[in-house]
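The values are calculated or read from the model by the stated rules, or taken from the named source; none is laboratory data. Predicted, not measured: the structure shown is a model, and the values here were computed from it. Ideal geometry is used to build each Cβ from the backbone, glycine not excepted, and the neighbour counts take in all protein chains shown.
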Amino acid sequence: MLSLQSLLKGVFQRRYALQNVAVSSFQQLDLKCAMKMSTAKKRVIVDVDVGTDDALALLVLLHAEKNGLAKIEAINCSKGNASLKDVTRNVIRLLEILDRTDIPVYKGATEALIPPETPIPQFHGKDGFGDLEHEKEPDVSIVQKDSASVAMRNLVINNPGQISLICIGPLTNIALTMKLFDDFAPNIKEIFIMGGNYAATGNVTETAEFNFYVDPEAAYIVLENAQCPLTIATWETCLNTHLTFRWRFDVLGSKNTPIMELLNRAEKSIYPEKENPPDSIWYPCDALCVIAMLYPNESITKQSKHNATVELHGSKTRGQIVLDHLKQKDPNVTMLEKINDEFIKEILLQAT
Ligand SMILES: [Ca+2]
């Protein structure tokens with residue numbers, strides 16, 4: 001397995017080569033310094049609807065925290081891949097296995113602002129984690145008493161301009177907090193979102209991505225009210241990655257750790273081989289978004305700025321991102337278009 005430094009060295013070498021800078025000059029760079037430049041320590045609140053790809057995203061964040069690149073200030077739960085109750089249980093179970101129950105966990109929205117009229121597909125099983133049998137139940141009594149919105153607002157206003165939000169579920173908690181507290185949005189440092197689609201390629205309906213489809217009004221509110229840099233990894237971003245199920249189960253899955261044992265069981269349950277042959281593509285969407293946030297210089301190979309909003313009324317396109325292709329409005333989002341496959345693999349291997 002390549003070390004992170006050697007991989008970073010490769011990325012920098014390619015970048016410097018493209019810029020016609022002699023590679024030898026790169027070799028004189030202090031790699032530790034280069035890593036610090038691109039991955040200054042981030043204080044993050046992560047909003048989840050766990051979800052196996054949320055679990056991988058949390059592992060990536062915890063790995064970054066171990067390396068001094070991030071600090072997880074709070075984990076907020078919301079309904080999405082499963083009910084709020086199951087999402088919260090999934091989070092606590094993960095933290096117990098990882099011995100990280102010191103991270104505060106908050107309950108947020110039990111429901112979308114305006115829930116879809118038809119049942120939400122349960123891609124990750126009824127409980128959001130493959131409906132596995134477990135030896136013991138997680139201790140949910142450790143969940144904090146404050147609601148996610150109150151805790152998130154207090155963290156942000158007490159640390160103005162310092163807290164990054166990483167949102168990898170429906171955006172209900174963020175939208176509610178923006179509407180409840182007018183001092184919340186102006187004090188956020190940055191927001192990263194996994195969700196939405198802008199090229200009419202859906203994964204839950206023909207034209208909608210899951211997180212935005214589950215709560216389109218929340219997505220609309222966040223895009224309209226954000227006052228900080230806002231970056232989105234859409235479903236199209238995920239479609240531009242090429243990690244196979246063969247790599248997922250034969251390489252990543254071969255790691256002999258308690259957390260991978262759980263994730264292997266869960267993902268083998270939700271991705272049966274018959275429907276997901278080894279050479280088909282595996283999309284760890286939430287983890288991709290977190291990797292892009294933590295390691296932008298090394299992971300993001302293409303991005304673009306746009307003015308974006310969310311379709312709320314379309315009979316076929318509710319929840320879809322609408323871009324101002326006429327360029328009549330100022331950009332309000334950065335769209336991630338391509339993330340480096342090899343870098344994703346390396347970080348996932350290190351984080352698990
Ligand atoms: Ca998620």
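Against the criterion of being at pLDDT 95 or above, in contact with a Gly (Cβ under 6 Å, 6 or more places away or on another chain) and under 20 Å from residue 81 (Cα atoms), residue 287 does not qualify. Any chance you could count how many residues in the range 154-189 are closer than 30 Å to residue 122 by Cα and buried (at least 18 other Cβ atoms within 10 Å of the Cβ)? Count: 15. For residue 258, the conditions (1) exposed (fewer than 14 other Cβ atoms within 10 Å of the Cβ); (2) farther than 24 Å from residue 65 by Cβ are fulfilled apart from (2).
Residues of the range 319-334 that are aliphatic (A, V, I, L, M) and either in a loop (DSSP other than H, G, I, E, B) or touching a Phe, Trp or Tyr at 6+ places or on another chain (Cβ under 7 Å) (or both): 321, 323, 326.
Which residues, counting only those in the range 303-334, are farther than 14 Å from residue 220 by Cα and β-branched (Val, Ile, Thr)? Reasoning before the result, please.
If we filter the range 303-334 for residues that are farther than 14 Å from residue 220 by Cα, which is where we start, we get 303-306, 315-316, 324-331, 334.
Answer for the range 303-334, where residues must be farther than 14 Å from residue 220 by Cα and β-branched (Val, Ile, Thr): just 334.
Of the residues in the range 171-184, not one is in contact with a Lys or Arg (Cβ under 6 Å, 6 or more places away or on another chain), within 16 Å of the ligand (Cβ to nearest atom) and at pLDDT 95 or above.
On the stretch given as the range 274-296, residues that are small (Gly, Ala, Ser) and either more than 16 Å from the ligand (Cβ to nearest atom) or assigned to a loop (DSSP other than H, G, I, E, B) (or both) total 1.
A Cβ distance below 8 Å, combined with a sequence gap of six or more or placement on separate chains, defines the contacts here; from the range 281-294, residues that are closer than 14 Å to residue 62 by Cβ reach residues that are part of a helix (DSSP H, G or I) and within 11 Å of the ligand (Cβ to nearest atom) in the pairs 286/53; 286/54; 286/56; 286/57; 287/53; 287/56; 287/57; 290/57. Checked across the range 104-117, the condition of being aliphatic (A, V, I, L, M), over 24 Å from residue 237 (Cβ atoms), within 16 Å of the ligand (Cβ to nearest atom) and buried (at least 17 other Cβ atoms within 10 Å of the Cβ) holds for at least one residue. Only one of 329, 274, 305 is in contact (Cβ under 8 Å) with a residue 24 or more places away in the chain and basic (Lys, Arg); which? Answer to the check: 305.
Filtering the range 89-113 to residues that are part of a loop (DSSP other than H, G, I, E, B) and either at negative phi or in contact (Cβ under 8 Å) with a residue 40 or more places away in the chain (or both) leaves 98, 100, 101, 102, 103, 104, 108, 109, 110, 111, 112, 113.
Okay, residues lined up against (1) farther than 13 Å from residue 112 by Cβ; (2) touching a helix residue (DSSP H, G or I) at 6+ places or on another chain (Cβ under 8 Å); (3) outside any strand (DSSP E or B):
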position: 164; (1), (2), (3): yes, yes, no
position: 169; (1), (2), (3): no, yes, yes
position: 176; (1), (2), (3): no, yes, yes
position: 179; (1), (2), (3): yes, yes, yes
position: 186; (1), (2), (3): yes, no, yes
position: 191; (1), (2), (3): yes, yes, no
position: 197; (1), (2), (3): yes, yes, yes
position: 200; (1), (2), (3): yes, no, yes
position: 212; (1), (2), (3): no, yes, yes
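You will find that of 265, 246, the residue that is in contact with a Gly (Cβ under 8 Å, 6 or more places away or on another chain) and either surrounded by fewer than 18 Cβ atoms within 10 Å (Cβ to Cβ) or assigned to a strand (DSSP E or B) (or both) is 265 and no other. Cβ separations smaller than 9 Å between residues 6+ apart or across chains give the following pairs from the range 67-86 residues that are within 11 Å of residue 168 (Cα to Cα) and in a loop (DSSP other than H, G, I, E, B) to residues that are of a type in the set (Gly, Ala, Ser) and within 12 Å of the ligand (Cβ to nearest atom): 78/169; 80/51; 80/128; 80/169; 81/51; 81/128; 81/169.
So which of 142, 157, 193 ends up being within 16 Å of residue 47 (Cβ to Cβ) and touching a residue at least 12 places away in the same chain (Cβ under 8 Å)? After ruling out the rest, the residue left standing is 193.
Take residue 210 and decide whether it is closer than 27 Å to residue 132 by Cα, within 16 Å of the ligand (Cβ to nearest atom) and modelled with pLDDT of 95 or more. Walk me through how you get there before you give the answer.
Numbers: closer than 27 Å to residue 132 by Cα: yes; within 16 Å of the ligand (Cβ to nearest atom): yes; modelled with pLDDT of 95 or more: yes.
Yes.
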